[in-house]
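The values are calculated or read from the model by the stated rules, or taken from the named source; none is laboratory data. Note that this is a predicted model, so its numbers are computed, not measured. FYI the Cβ positions are ideal-geometry reconstructions off the backbone, even for glycines, and counts take in every protein chain you see.
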């Protein structure tokens, strides 16, 4: 799974630019849900056994795989802590966000 | 009804003696509807029964979903319409009321579903007879409404309705009286399929649900957007009167029958013009002839299109008269008859012609020549309409 | 973060396909089970899928107009109508020439057990060709945690406050669906993603009405820690509170996991604020009911195995 790229915010200048019925025109990737969190997960790659469990259990699709290792996408990570909780080697720690 | 009675004709032009309900079925069949979802209710049952037969006999290539309620019927129609299929359903009174939530959905979702409604009185007590409150209660839901006076008009209106609905992406309903039209047999010219195909090409939706171009339809819409979306619906509804006249003209050229916004009868020199709808609109013509024989210049304006309200043509015709008498087979409790209110509001600021309102015929009480005699008599007697509702036929 | 020389370069083997159809930026709470259910189900369903979503958490999670966080089409439909909207959508798609797209009704417990049960029953009785997925967070969460008939015995919700906690058992929707004799139904759990994936894949290839009931914890409504969501799912299975099984044709049963060390319900309940008020008596009652139900399920499998 590759890193997600943000999609544009959609603003309508006039009703003429709006679709006929209320249907969507783009994804939600403009919404940086990373701003929600007050703790962030940090992966210690030295202890990581590449099991994929953190990637699997992320409810926000905020962990991607790069060079065979999981990477936290801090743009979207909400800090729920599931990855840290489920990691079998406990190599993910939840760290307080600095202000 | 036994199988032998229905020779569908397989799309040939025919003259048949059929009931109003079957006129709806033939209209849907000729319009090549693709998905039907309906639930039976007296007096609509024959519509769906014949459509079932047509599907089973493969005269109509459509999927018929035998849903378990009218609410589900409309829901299924919405799903099918969103996929880009031409959809049809039929119901009456309680069933239409049960669909109410989803009638809003059809118009807000801009889905051109066509529905046949048999005007039947709302319960309690249980009534299966003619009354307009069921369909008029839905006048705010954003549907085009056609009130039909003959079985021919019913069949023709289904076909026109699809054309108008699909052009504007606004749903439409064809309305006919319980029993006096739904179960009354009249001679109907059933047009041939090729001509209908010429008039009504396949549905080409402006948007549809497909994984080839994924969208989420109908999601959470904030105050920042809802106003504009509904503005667009109204703007398109405002195009409907001209489109109905235009498609009505086209229909006349192909089939020889006009389908306009209103059906005026002897209005040009009339001193009193009756305003009517449904089968009462044809009884009114009999009354007009009767009064003219007696030397009184009466005319009748049968309203065929109630939504969108045909302001211009109503003003043009009625402002010529000395008096207008509106006949409502319905009532908005706490106010007055609904056609009466709308006629008055259409004329306000445009014409000072006095408008008299009469309520009669609720729950299927017969509207006869005698009813019109009383109406004309009262209209003649008074210079101005009374503040209070004039009820005709109530045993006081 | 660059890899150190000490880190071994072995291939990462994922237990589920890597393609995502649910993308970030959605509006779910931290630790939401419903999003995991969607993420896994869509991996199994693939891109030729359309969803009908009635009023439920997912109608908000997806994001507001003009956005959507899924890359497959959605028909946001009226509350009671998930099942029949899907059936209509399927019929329409077939009639315009698309016989391939899998249509899935995706509803919460409210839209399935309560207001949506009539439409669901109608669809199941007719055996309409759709998959119906109920993601079950055991209350009307979207409107602020009011009780549903899926709320388990003993739970707090805003309409079953602590002094008047829910004293009716959870409605057995799976038994109801089995009684409709649909070709396939299964329970599933977000803590067992491979099992969920397998069941949705299996359902995809069957014609007729298929029903998948997914257990999805809700930290906000259950008053649990967001990071406990997976742990709760595992406990639900290990205590036999939410057994994992499949039923075909409403007449043959197969239980997928029989815990060797059946855990006491206490272990499950004490992690959740919504059960904090329960006394010993209530907990014993819950244990008894779970045991009886488990015994019954084992009997079903014994008498009519798949």
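Numbers below:
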quantity	calculated
Criterion violated by residue C:30 - all others in (1) within 7 Å of another protein chain (Cβ to nearest Cβ); (2) in contact with a helix residue (DSSP H, G or I) (Cβ under 8 Å, 6 or more places away or on another chain); (3) surrounded by 24 or more Cβ atoms within 10 Å (Cβ to Cβ) satisfied	(3)
Residue check for residue C:15: surrounded by 24 or more Cβ atoms within 10 Å (Cβ to Cβ) and either out of contact with any helix residue (DSSP H, G or I) (no Cβ under 6 Å at 6 or more places or on another chain) or on the phi < 0 side of the Ramachandran plot (or both)	no
Selection from segment B:105-116 of residues that are more than 10 Å from chain C (Cβ to nearest Cβ) and part of a helix (DSSP H, G or I)	B:106, B:107, B:108
Residue C:86 being farther than 30 Å from residue A:49 by Cβ and touching a residue at least 40 places away in the same chain (Cβ under 8 Å)	yes
Failed item, numbered, when residue A:78 is tested on (1) more than 7 Å from chain C (Cβ to nearest Cβ); (2) farther than 22 Å from residue C:74 by Cα; (3) assigned to a loop (DSSP other than H, G, I, E, B)	(1)
In segment B:269-285, the residues that are under 18 Å from the mean Cα position of the chain (by Cα) and under 14 Å from residue B:314 (Cα atoms)	B:275, B:276, B:277
Given (1) within 14 Å of chain C (Cβ to nearest Cβ); (2) assigned to a loop (DSSP other than H, G, I, E, B), index of the condition residue B:59 fails	(1)
Which listed residue, of B:278, B:299, B:334, is touching a strand residue (DSSP E or B) at 6+ places or on another chain (Cβ under 8 Å) and under 21 Å from residue B:139 (Cα atoms)	B:278
Candidate set from segment C:251-268 (those that are out of contact with any strand residue (DSSP E or B) (no Cβ under 8 Å at 6 or more places or on another chain) and in contact (Cβ under 8 Å) with a residue 60 or more places away in the chain); member that is farthest from residue C:159 (Cα to Cα)	C:251
Scope segment B:220-266; condition free of Cβ contacts under 8 Å to residues at least 40 places away in the same chain, more than 14 Å from every other protein chain (Cβ to nearest Cβ) and part of a helix (DSSP H, G or I); matching residues	B:242, B:245, B:246, B:249, B:252, B:253
Hits in segment C:39-78 - residues which are more than 7 Å from chain B (Cβ to nearest Cβ), within 18 Å of the chain's Cα centre (by Cα) and either free of Cβ contacts under 8 Å to residues at least 40 places away in the same chain or in a loop (DSSP other than H, G, I, E, B) (or both)	C:39, C:42, C:54, C:55, C:56, C:61
From the options B:223, B:241, B:310, residue that is surrounded by fewer than 20 Cβ atoms within 10 Å (Cβ to Cβ), modelled with pLDDT of 95 or more and within 25 Å of residue B:348 (Cβ to Cβ)	B:241
Residues of segment A:56-70 that turn out to be within 7 Å of another protein chain (Cβ to nearest Cβ) and either more than 15 Å from residue A:86 (Cα to Cα) or within 12 Å of the chain's Cα centre (by Cα) (or both), as a count	9
Test: residue in segment B:179-186 that is closer than 24 Å to residue B:276 by Cβ, in a strand (DSSP E or B) and touching a strand residue (DSSP E or B) at 6+ places or on another chain (Cβ under 8 Å)	yes
Yes/no for residue C:97 being without any contact (Cβ under 8 Å) to a residue 12 or more places away in the chain, surrounded by fewer than 24 Cβ atoms within 10 Å (Cβ to Cβ) and more than 7 Å from chain B (Cβ to nearest Cβ)	yes
In segment A:25-74, the residues that are free of Cβ contacts under 8 Å to residues at least 24 places away in the same chain, touching a helix residue (DSSP H, G or I) at 6+ places or on another chain (Cβ under 7 Å) and assigned to a loop (DSSP other than H, G, I, E, B)	A:59
Residue list for segment B:63-104, restricted to those being outside any strand (DSSP E or B), surrounded by fewer than 24 Cβ atoms within 10 Å (Cβ to Cβ) and at the interface with another protein chain (Cβ under 7 Å from one of its Cβ atoms)	B:66, B:68, B:69, B:71, B:84, B:101
Residue in segment B:281-304 that is under 24 Å from residue B:182 (Cα atoms), in contact (Cβ under 8 Å) with a residue 40 or more places away in the chain and in a strand (DSSP E or B) present	yes
Strands (runs of 3 or more DSSP E) contained in segment C:164-260 and holding at least 3 residues surrounded by 24 or more Cβ atoms within 10 Å (Cβ to Cβ) and within 14 Å of the chain's Cα centre (by Cα)	C:184-189, C:210-215
Residue C:298 being touching a helix residue (DSSP H, G or I) at 6+ places or on another chain (Cβ under 8 Å) and without any contact (Cβ under 8 Å) to a residue 60 or more places away in the chain	no
Which numbered condition residue B:36 misses (of (1) at the interface with chain C (Cβ under 10 Å from one of its Cβ atoms); (2) in contact with a strand residue (DSSP E or B) (Cβ under 7 Å, 6 or more places away or on another chain); (3) part of a helix (DSSP H, G or I); (4) more than 28 Å from residue B:124 (Cα to Cα))	(3)
Subset of segment C:155-196 [within 14 Å of chain A (Cβ to nearest Cβ) and within 26 Å of residue C:276 (Cβ to Cβ)]	C:189, C:190, C:191
Pair list, Cβ < 9 Å and 6+ apart or interchain, from segment C:1-26 residues that are more than 7 Å from every other protein chain (Cβ to nearest Cβ) to residues that are part of a loop (DSSP other than H, G, I, E, B) and at pLDDT below 90	C:19/A:1
Lone unmet requirement of (1) in a loop (DSSP other than H, G, I, E, B); (2) over 18 Å from residue B:282 (Cα atoms) for residue B:366	(2)
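A quick yes/no check of all residues on (1) within 15 Å of the chain's Cα centre (by Cα); (2) within 14 Å of another protein chain (Cβ to nearest Cβ); (3) in a loop (DSSP other than H, G, I, E, B):
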position: C:105; (1), (2), (3): yes, yes, no
position: C:121; (1), (2), (3): no, yes, no
position: C:128; (1), (2), (3): no, yes, yes
position: C:138; (1), (2), (3): yes, no, yes
